[in-house]
1. What whole-number volume per residue, in cubic angstrom, does the convex hull of the C-alpha atoms of the stretch B:2-78 give?
2. So between B:LEU124 and B:ASP56, what do we pick up on full extension, going 0.36 nm a residue minus the alpha carbon distance?
3. B:ASP102's amide H: which non-local residues (gap 5+, or another chain) put their own amide H closer than 5 Å, with H modeled 1.01 Å from N in plane and none for Pro or chain starts?
4. Under a point-charge model restricted to the Cβ atoms of Lys and Arg (+1) and Asp and Glu (-1), what is the dipole moment magnitude of chain B relative to its Cα centre, in debye to the nearest 20?
5. Extending each Cα 7 Å along its Cβ direction at B:LYS112 and A:ILE8, get the distance between those two points in nm, one decimal.
6. What list of ³J(HN,Hα) couplings, whole Hz, do you get for the stretch A:139-152 from phi and the Karplus terms 6.51, -1.76, 1.60, once you set θ to phi - 60° and write x for glycine and proline?
7. I'd like the orientation of helix A:26-41 relative to chain A: the angle between its Cα long axis and the longest Cα principal axis, in ° from 0 to 90, rounded to 10.
8. Could you compute the net charge surrounding A:PRO102? Neighbours are other residues with a C-beta less than 14 Å from the C-beta of A:PRO102; K and R count +1, D and E count -1.
Amino acid sequence: MAAREIRIYPDPVLKTICSPVTIPDDSLDALVQDLLDTMYQSGHSVGVAAPQIGDTRRVVVVDVSASKLGRDENHGSLVMINPEILDREGKKTMREGCMSVPDYTGNVTRAEMVVVQFLDRQGREQVIRASGFEAVAIQHEMDHLDGNLFLDRVSNLKTDVFRRKKR
Amino acid sequence: MSHFALTIIGRDRPGIVSQVTEILYRLGCNIADSSCSILGGQFAMILIISHPEYTDRESFGGAFAPLEENNLSVFLRTLRPGGEKHPHLEGELCMVSVYGSDKPGIVYRVTKELGERKVNITDLNTKLIGSEERPVYVMMLEAVLPPELNIAELEQTLKSLKNELQVDITVRAIESVEL
């Protein structure tokens, strides 16, 4: 198992809608390990989705515990298989970038809190409530499973403060 | 490949961008970075363009004459090699908001403080809002701090200006995250 190369847009795998994992097997566990290795070996990454390493199964890993923004509020190392968002609340805007879209960032508004259901690495049903940076990271990674990049979500140009309705 | 900075400005109306970009397309120019916006009633376009063969402004001949005929002002600058490359900026990214009743010197005094501390402004917008009787000036800028300066120090520096100019100034970090 090892860190794998991050796929860069326009690699078509990044625009692919991924398939749910049906039968957990050894290859699934290998994928999970590769995702974790890829995330931790990059040094700064807080999440990787399967399509970013060329696999179209619905699996993401997230870990914001080592980052300044997520340090105080996190669930540690998360392996999420077939994740679904059950509930979302609030709004949070962050300037996002993505390893698969180098040299570009944009302001993206996402839910501030999400309740997510998923299978963990051992195949057990889990439901967690994540907020803040961890919630943003989960939503960003889960977007990859539907072929969405942050570019599809940019809510405004960074100078949007002056754009408003005429009086 | 030679790069050029192209600036176009004129009274806003629909169709300016397509008229400009049709000319560039037919010439075989590439548009790299660009930024276009309405300022006052004017539409202003700034584009970094390149062309595989053109080397100077003469190469473009009279290609932009139709724009001038449509009351758009066109300015073309030939970039020195490497002038199209984005510099890598180390240091904290921050947003500075300045606003208060309109008076001369707000932009100058604030940016002078920043310049003297080697703060690199990467984006800046200003707008006059409020009523005619009570105009309010708003300036928003993004800047990269030099490695030796942090946001708290910058905010402290700008505090005296706040009193002197009677404006509100806030500095905050832009949290740019790679996911």
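Values in this text are rule-based calculations from the coordinates and carry no lab data. Model, not experiment: these values are computed from the prediction. Note: ideal-geometry Cβ built from the backbone for every residue, glycine included; neighbour counts use all protein chains shown.
1. Measuring per residue, one finds 76 Å³ for the Cα hull of the stretch B:2-78.
2. Additional length available on full extension: 21.5 nm.
3. When sequence neighbours closer than 5 places are left aside, the close amide H contacts are B:VAL136, B:TYR137.
4. Numbers: 17 positive and 25 negative charges, 71 e Å.
Computed charge dipole of chain B: roughly 340 debye.
5. 4.5 nm
6. Each residue's phi maps through the Karplus curve to give 5, 4, 5, 5, 4, 4, 5, 10, x, 9, 9, 4, 4, 6 Hz.
7. The two axes meet at around 50 degrees.
8. Values: positive: A:ARG7; negative: A:GLU5, A:ASP11, A:GLU96, A:ASP103, B:GLU178.
Around A:PRO102, the charge tally is -4.
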